[in-house]
Amino acid sequence: MGLDVSYAKATNQVCAAAVVIELESLAVAEVATVLGEVAFPYVPGLLAFREAPILLEALQGLAHEPEVLVCDGYGIAHPRRFGLACHLGVLTGLPSFGVAKTSFIADFVNPDRRRGAWSPLKEGGETLGRAVRTQDGVKPVFVSVGHRIGLDQACDMTLRLCPRYRIPEATRQADVASRRVLRTTGRSGGAPSGASESR
DNA sequence: GCGACAG
DNA sequence: ATCTTGTCGC
């Protein structure tokens, strides 16, 4: 299950999407979206306060019970050791982990160039996550556990969700869905604030 | 004090 | 996150 939030440029409209993906085929099983308005500013380290509320709303619009939450951001690899993925995991009781696109925790060694290579993301003596290369020669993503899952498992799943793109398929689909709704909602697609579609 | 800083 | 056209590459 992938989650993502998109923001409108001129408006304070936001759209959260929760997409259920079949682990075997990576086919989209269900998409739930929710429209809302910005209720909290972006503050590095406090992303969960901005995105968790509306993401939880999107999750409630789902018919499926997700096995695991793949979040766009950090889990434990966070200044307070409690990023968005941790919040969502604890709040839902579901296993969760985060896959961030950029580094927040300073030091890490660049993984080998090939897909599947990784290096530890550590601070002091503790390992907070991993920089994982999901495609040959592309920038690594930063994986960290959120709730009820191990780092090995989180990284395995990340690679399984990235057979072709740098970003996990679940997250990618949530990104596509959320921005499509925002684009389609510009004064014409007078749809309600919540929607869901299964397959 | 200064810079960096998930999305 | 979002603003943006073409362009280089598989």
Q | region A:40-74 residues near the modelled A:Arg148 label - backbone nitrogen below 12 Å, point 7 Å along Cα→Cβ | A | A:65-69
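Rounded to the nearest 500, what is the 222 nm mean residue ellipticity of chain A from helices alone, with -39500 (n - 2.57) per DSSP H run of 4+ residues and division by all residues? Please report the intermediate quantities before stating the final value.
On the way: 4 runs with 49 residues, N = 199.
After summing the helix terms and dividing by the residues of chain A, the value is -7500 deg cm²/dmol.
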Q) Any idea how far apart A:Glu65 and A:Ala10 come out in nm if each label point goes 7 Å out from Cα toward Cβ? A) 4.6
Q) According to the square roots a ≥ b ≥ c of the eigenvalues of the Cα gyration tensor, what is the shape class of region A:41-93, taking rounded for a/c under 1.5, prolate for a/b larger than b/c otherwise, and oblate for the remainder? A) oblate
Q: Project the alpha carbons of region A:100-199 onto their principal axes and report the range along each, largest first, in whole Å.
A: 52, 27, 26
Q: Give the ranking of A:Lys122, A:Lys139 by solvent-accessible surface, highest area first, calculated with a 1.4 Å probe.
A: A:Lys139, A:Lys122
Q. How do the peptides A:46-55, A:155-164, A:91-100 rank, highest first, by the average count of neighbouring beta carbon atoms within 10 Å per residue?
A. A:91-100, A:46-55, A:155-164
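How charged is the neighbourhood of A:Phe142? Take every other residue with its Cβ under 14 Å from the Cβ of A:Phe142, and add Lys/Arg as +1 and Asp/Glu as -1.
Numbers: positive: A:Lys101, A:Lys122, A:Arg130, A:Arg133, A:Lys139, A:Arg166; negative: A:Asp72, A:Asp107, A:Glu123.
Residues close to A:Phe142 contribute a combined charge of +3.
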Q: Starting from the Kirkwood radius over alpha-carbon pairs of chain A, derive D by Stokes-Einstein at 4 °C in a medium of 1.567 mPa s and give it in µm² s⁻¹.
A: 77
(Q) Between helix A:151-160 and chain A, what is the angle of the helix's C-alpha long axis to the longest principal axis, kept within 0 to 90° and rounded to the nearest 10? (A) 60
Q. Given springs between every Cα pair under 10 Å in a Gaussian network model of chain A, which of A:Glu24, A:Glu37, A:Glu57 has the largest fluctuation?
A. A:Glu24
Q) Ignoring ligands, DNA and RNA, what percent of the 1.4 Å accessible area of region A:2-186 is carbon and sulfur? A) 52
Q | Selected from A:Pro140, A:Pro168, A:Pro111 as most flexible by GNM, with chain A as the system and alpha-carbon contacts under 10 Å | A | A:Pro111
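Counting only other residues whose beta carbon sits under 11 Å from that of A:Gly83, what net charge do I get with K and R as +1, D and E as -1? Before the final figure, lay out the partial values.
On the way: positive: A:Arg80, A:Arg81; negative: A:Glu51, A:Asp72.
Charge balance in the 11 Å sphere: 0.
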Q. To the nearest 20 debye, what charge dipole does chain A have about its Cα centre, counting +1 at the Cβ of each Lys and Arg and -1 at the Cβ of each Asp and Glu?
A. 680
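For chain A, report the accessible area per residue in Å² (1.4 Å probe, heavy atoms, rounded to an integer). List each step's numbers first, then the result.
Numbers: 9900 Å² over 199 residues.
Heavy-atom SASA per residue in chain A reads 50 Å².
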Q. Excluding ligands and nucleic acids, what accessible area in Å² is computed for A:His87 using a 1.4 Å probe, to the nearest 10?
A. 40
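Using the Cα gyration tensor of region A:1-79, with a ≥ b ≥ c the square roots of its eigenvalues, what is the shape: rounded (a/c below 1.5), prolate (a/b larger than b/c) or oblate (neither)? Mind dumping the intermediate values first?
Values: a/c = 2.28, a/b = 1.40, b/c = 1.63.
Verdict is oblate for region A:1-79.
The values are calculated or read from the model by the stated rules, or taken from the named source; none is laboratory data. Please read all numbers here as calculations on a predicted model, not as lab measurements. Methodologically, a virtual Cβ is constructed for each residue, glycine included, from the backbone with ideal geometry; neighbour enumeration extends over all protein chains shown. Just the protein is used for accessible areas: all its heavy atoms, side chains included, with ligands, DNA and RNA removed. Shrake-Rupley method; radii C 1.70, N 1.55, O 1.52, S 1.80 Å.
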